[in-house]
Structures are given as structure tokens and as C-alpha cells.
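Asker: Questions regarding the structure given below will be posed in turn.
The values are calculated or read from the model by the stated rules, or taken from the named source; none is laboratory data. Just so you know, these numbers come straight off a predicted model, no measurement behind them. In this analysis, Cβ positions are derived from the backbone assuming ideal geometry, glycine residues included, and neighbour counts consider all displayed protein chains.
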């Protein structure tokens, strides 16, 4: 472990930029700027290789179409939840209500979506709008009400979960097979198209005016305000986007399970944070890439698959996940520091 | 509106009630208000026996919240509380096997386990720069996996043991007519308040919470303080686990889960500033009583599960907004 000469404070983003350091090569510069993204992609490749290895050891064959399809389908809710979380993480916040919003979306979908195409489209839109509305409430509480994001969303988590249980008291309801096959086709990995779509949406967001504003307030809110950015609006938008994506995640969760359950979304609050961290998002705001977050979501799912095929007692699963999370964060911090120092 | 507010606050200021002290006052007022509401909707709610039972349950939340207060005071958070608490309760019964002569060692072992979990949290946060949210979240998973794995999902032979009678009796007994869990909590309230307000350790904690960099330059060993605070948090979670298993007799899986939300909510209602540097444990103790009283009122009203969730969230939001408003006008 390299000696650290500063106390335990968030690394000062200006420290790396200032000073009279010699110029670095282009590749090193890119690596230093995007260390989180690069590490997330490396982790994803490593996870896939390891998965293929343990799969081979177990079945003497390589994973095929079925494994790819089920992995992509099972990861879709997490991809959407994690992207939603990342908008808020960019502003130095955390959205703990994502699980509650997913629960409500899941419950509404199971109760209201029927076989007719009209009800599928109509209720999908309504659920997405409700998700965005719940996010808007969070955003107003944080942006206008000036509450701490963790506290406001902790309280709304309880409220949203309560409403979800009211909508669907017992697990049940049903999702028409057509709806499932459109969102998460069980036979072909068509859901990869949605992953691509999410990546494109992220790219558009990153280039948009509001995207720049959200990155700016995450880096330095006062400077952003001084430069004419409406910080309240940017913050409210980030939470609204988070709610919208959580709503979509709830729809995908219902489609994968083909039935509703007002509690299955709960775990996604924490796993979405894990996926963001593994995807190289800086929890202190203003840095990160949606592509990395998507990779982080897949790594999170792959770890479970790898543990399954390595015959590890499932009771120990959270132990290995926790250990992996710490090791990944410590390593990526160390490598990032190394890359920024070296030329 | 602002003028009206200022007119109301001025006499309070003059009486020596600065913002932090007012927040403690609000937390106590909220608790008293809830007892009054409870008495109206359910006569007998504010009887001494019922208040005693509520404060007794609040003491478990209060102990966990003591640990949470320590780390929140430096702008941290401890998400590993649920499974440190749960692991502690299971470790106590499996290591003591319900026998009194093994109890002292089992207690030491259990408290040591809580401290060790906190130590790992603190070291990773202070030396490796892992964000507190990530580290304690991972520690919660690690403790969950270890607890489930080592106890075979609570199927091991020793897992069905009861808490040693000496521990159970201590929790259920009373001292000078006051339930002993409550006595312990009062002692903890006194010790924690003294520690934070009248010792160099306490002053350094507040200093670190206000500005870690300035504190470091002023000669505070920020890393040591950080580690000690997380150790204290782990220790208090383990202590709550011991008391809970003594109270209920046997350990179960998931018994720590409610304490994460409640400990953080108690800290907030108690007026501790989430970014660190401001707040007192006295307010947090009142916050714990407020929370448990709120749940009890809703239960007394025969509120269904979902309604309790919703009202619980709304009340916390309202309390937060009350504090937030004042924050802006100060």
C-alpha cells in the first residue's frame, strides 16, 4: 500500500489538474481521465472469462445462447436501476428510494397490464410517468426543500413501499407472455438492444445542456451557480431521471418474473449503488460514465453466476460479494492514483 | 413569515437555546406530542406502564443510534449495523450455549467481534480512502455471509441455544424499580454525552466532522479518530444484539434489519447534522423514543402495514422539513 500523506478527506479534484507536472502521453492521459470506465470494462472481461472457465470446468462446454439470454434478461432491471442511481450519484447524492419506486412500478404492472396491446402501452407509459413523478417528489424535497438526499429518499422509500404494498398486498397478478417476450425475450438475447439504447440515451444525456449542468454541480456547485447554471433545476432533473429509470427497471423486473411482488425491488437500492461503484462512478460526484455503470451491473450479476458454478455454498454469497466490492474499490482507487501520478 | 419566525425564536435565543439545543428540545417535544396523540386515540397509551414499555424498546434503537451518532458526527454512516447486530446475537448464543459459566467469555467475544468489524470499517475508510457508504455496505454483506455460512443458515446445533440466564435476567430485571435495560441506556446517555462534550476526544470528533483537513493541520490525528468512532459503532451494534437476544431469549435471522433505518432516523430526528460536526446524543435518545412511540401509536390505531410505512415516512419528512426551514433562515 502506498503511503498517503493527506488525511481521510475526499481527494481534491483540483489537485491533479494544478501544479507544474510534465505533460503526460495521450494514452496515459485518457486512462487517467477514464480510469473508472476502463477498470469497469476490464472487470467485465475478467468476469466473463472467469465465468466461461468455471462453466467449462463444470459442464465441459462453453456457455451458449441460453446463458447469454438469461444473463442479459436477469441484468436488465439492475442496468436500469443503476443508471437511474448514477444520475443522482453524479450530483453527490444517493437515491435510496429506487427500491420503493421499483416495487410500486412492479405492483402496478402486475395489477393493470392485460393482454390487449392498448393496455400494455398505456400502462407502461403510466408507470414510467409515475416513476418520474416519484423522482420529481424526491427532487423537490432535495432541491427546493433543501433536505439531505439520503434522508429525503430514506423517508420516501418508506412511503413508496407502503403504497406498493397497498396496490399489491400479496405477490401475484400476472404479466402477459407477449409483454415478457417484447421486453425480455426468453429465447433470444434481444434485450441487448435495450442495453444499447440505454447507452445511447446516456451518451445523449452526457452531451446535453442538462447533462453538463448535472456534471457541473457534482464537481463544484458554487462555481456551477456562478456560471449561470440553475442548480435547483439540475438537481430536480437528476432525481426525476432516477425515478423514471427506476420505473422502467420495475417494468423489466415484472416482465422477467412474469408476475408481481411488491417487495422484490427492495434489494435494488443497494445493488444499484454497488453497480455504480463497480462501474467507476465517483461517489463524491461529478465523475463517471454510464457505459461503466452498465458494465458494473453486468459484473454484479456475473459474480453471482461465477459463485454458483464454482460450487460455493450459497449461504456465503453475500460474504464474497462484500469482499469483492471492497477489493474492487481499493484496487481501482490505487490504480487510479498510480495512473494520475505516473506520466 | 420569516419575521414571525424570528420573533418566535428570539426569546429562545436569549434563553441560551442556540440552534443545536433547540433541536434537542424539538426532539423531546415531538416525543411528548406523540404520547399526547396516543393518549387521545387510545386511552391508557400514556400510562406509566405503557411509557415504560415504549422507552424500553426505544433503548435498543437508542444504543444502535449511539454508534450511528458517532460516525455521523464525522460525516460518515454505518450501514453494517444490521448484520453486526445479528451476528453478535447469534455469536452470543452459540458461544455461550446458554450456560452461565461461559457467559463472561461469550460476552467478551461478542463485543470483540463488533469492535473488530468496526475496526476493519475504520481502517479501510481512514487509510484506504474507501467511501464510508461503500465500506460499511460491503461489511454488512461480509457479516451476513459469515453469519449465515458459519451457522449453516441458523441450522447448527448450538444455534437453538438460549441466551445465558445471567444475561436474560440482567435485561429483564430492574434496578431501583427501573428496568435494567433502561438503566443501562441512561448510563450510556450520560457517558456518551460526557465523552462528546467534555473530553478532548469529543472535541476532536466535532472538529474532524466540521473540517477534517483543518483538524489535521491543527494536529488532530484524524485517522485515529475515524477508526475509534467506527469501532465504537460496531461495539454498540454488538451490545444491542446482546441485549436483544437477552430480551427475546433466542436469536433469529433478520433481527437486525429494522435497526438500520431506525438508527439513522433517530439520529436525524435528534438533530444531528448528516454532514457532520453538529449534534448531541441527548437529542438522538429523544429521537429514538419519538420513533418507537410513533410506531406504537400507529399500532394502537390498528393501522395496516402499508399505512404505517406511509405515515412513518411522512412524519419523518415533516420533521426534516421543519429543521430544514430553520436552517435556511438562520
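Asker: From the list A:214, A:229, which one is surrounded by 18 or more Cβ atoms within 10 Å (Cβ to Cβ), in contact with a helix residue (DSSP H, G or I) (Cβ under 8 Å, 6 or more places away or on another chain) and assigned to a loop (DSSP other than H, G, I, E, B)? Don't jump to the end; show me each part of the working.
Answerer: Numbers: A:214 fails: assigned to a loop (DSSP other than H, G, I, E, B).
Going through A:214, A:229 in turn, the sole match is A:229.
Asker: Of the residues B:299, B:275, only one is more than 16 Å from the chain's Cα centre (by Cα) and not in a helix (DSSP H, G or I); which?
Answerer: The conditions single out B:275.
Asker: Run down A:222, A:188 and say which single residue is more than 14 Å from chain B (Cβ to nearest Cβ), in a loop (DSSP other than H, G, I, E, B) and over 20 Å from residue A:268 (Cα atoms).
Answerer: Working: A:222 fails: in a loop (DSSP other than H, G, I, E, B).
Residue meeting the stated conditions: A:188.
Asker: If you take the residues of the stretch A:307-319 that are under 27 Å from residue A:195 (Cα atoms) and surrounded by fewer than 21 Cβ atoms within 10 Å (Cβ to Cβ), which of them is nearest to the other protein chains (Cβ to nearest Cβ)? Talk me through it step by step, then tell me what you get.
Answerer: Here is the first cut: in the stretch A:307-319, the ones under 27 Å from residue A:195 (Cα atoms) are A:307-309, A:317-318.
Within this subset, residues satisfying the condition of being surrounded by fewer than 21 Cβ atoms within 10 Å (Cβ to Cβ) are A:307-309, A:317.
Numbers: A:307: 10, A:308: 15, A:309: 18, A:317: 6 Å.
Per the criteria, the residue is A:317.
Asker: For the stretch B:39-81, give me each residue that is assigned to a loop (DSSP other than H, G, I, E, B) and either closer than 30 Å to residue B:206 by Cβ or modelled with pLDDT of 90 or more (or both).
Answerer: Taking the stretch B:39-81 and keeping what is assigned to a loop (DSSP other than H, G, I, E, B), we get B:42-47, B:73-80.
Passing the criteria: B:73, B:74, B:75, B:76, B:77, B:78, B:79, B:80.
Asker: Go through the stretch A:157-174 residue by residue and tally those that are more than 10 Å from chain B (Cβ to nearest Cβ) and assigned to a helix (DSSP H, G or I).
Answerer: Residues in the stretch A:157-174 being more than 10 Å from chain B (Cβ to nearest Cβ) and assigned to a helix (DSSP H, G or I): 0 in total.
Asker: Further question: Would you confirm whether any residue within the stretch A:118-137 is within 14 Å of another protein chain (Cβ to nearest Cβ) and either under 20 Å from the mean Cα position of the chain (by Cα) or part of a helix (DSSP H, G or I) (or both)? I'd like the intermediate steps shown before the answer.
Answerer: Within the stretch A:118-137, the first condition is being within 14 Å of another protein chain (Cβ to nearest Cβ), and the residues that meet it are A:134, A:137.
Now narrow it down to the ones that are either under 20 Å from the mean Cα position of the chain (by Cα) or part of a helix (DSSP H, G or I) (or both): A:134, A:137.
Yes; the residues of the stretch A:118-137 include at least one that is within 14 Å of another protein chain (Cβ to nearest Cβ) and either under 20 Å from the mean Cα position of the chain (by Cα) or part of a helix (DSSP H, G or I) (or both).
Asker: Quick test for you: out of A:36, A:32, A:19, pick the one residue that is surrounded by 16 or more Cβ atoms within 10 Å (Cβ to Cβ) and at pLDDT below 80. Break it down stepwise before answering.
Answerer: On the way: A:36 fails: at pLDDT below 80; A:19 fails: surrounded by 16 or more Cβ atoms within 10 Å (Cβ to Cβ).
The conditions single out A:32.
Asker: Now, a different point. For the stretch B:143-174: of the residues being surrounded by 13 or more Cβ atoms within 10 Å (Cβ to Cβ), free of Cβ contacts under 8 Å to residues at least 60 places away in the same chain and touching a helix residue (DSSP H, G or I) at 6+ places or on another chain (Cβ under 7 Å), which is nearest to the other protein chains (Cβ to nearest Cβ)?
Answerer: B:145
Asker: Here is a further query. Quick one: in the stretch B:245-265, of everything that is more than 12 Å from every other protein chain (Cβ to nearest Cβ) and under 27 Å from residue B:279 (Cα atoms), which residue is surrounded by the most Cβ atoms within 10 Å (Cβ to Cβ)? Walk me through it before giving the result.
Answerer: Looking only at the stretch B:245-265, we keep the residues that are more than 12 Å from every other protein chain (Cβ to nearest Cβ), and these are B:245-252, B:254-256, B:259.
Pick out the ones that are also under 27 Å from residue B:279 (Cα atoms) and you get B:256, B:259.
Values: B:256: 27, B:259: 25.
My answer is B:256.
Asker: Taking the stretch B:38-49 on its own, how many of its residues are surrounded by fewer than 20 Cβ atoms within 10 Å (Cβ to Cβ) and touching a residue at least 40 places away in the same chain (Cβ under 8 Å)?
Answerer: To start, the set of residues in the stretch B:38-49 that are surrounded by fewer than 20 Cβ atoms within 10 Å (Cβ to Cβ) comprises B:39-44, B:46-49.
Next, from what is left, pick out any that are touching a residue at least 40 places away in the same chain (Cβ under 8 Å): B:41-42.
Number satisfying all stated conditions: 2.
Asker: Here are some residues: A:145, A:64, A:139, A:100. Which one is in contact with a helix residue (DSSP H, G or I) (Cβ under 9 Å, 6 or more places away or on another chain), on the phi < 0 side of the Ramachandran plot and modelled with pLDDT under 90?
Answerer: Details: A:64 fails: in contact with a helix residue (DSSP H, G or I) (Cβ under 9 Å, 6 or more places away or on another chain); A:139 fails: modelled with pLDDT under 90; A:100 fails: modelled with pLDDT under 90.
Matching residue, one of A:145, A:64, A:139, A:100: A:145.
Asker: Can you tell me how many residues in the stretch A:261-297 are more than 12 Å from every other protein chain (Cβ to nearest Cβ) and surrounded by fewer than 24 Cβ atoms within 10 Å (Cβ to Cβ)?
Answerer: 6
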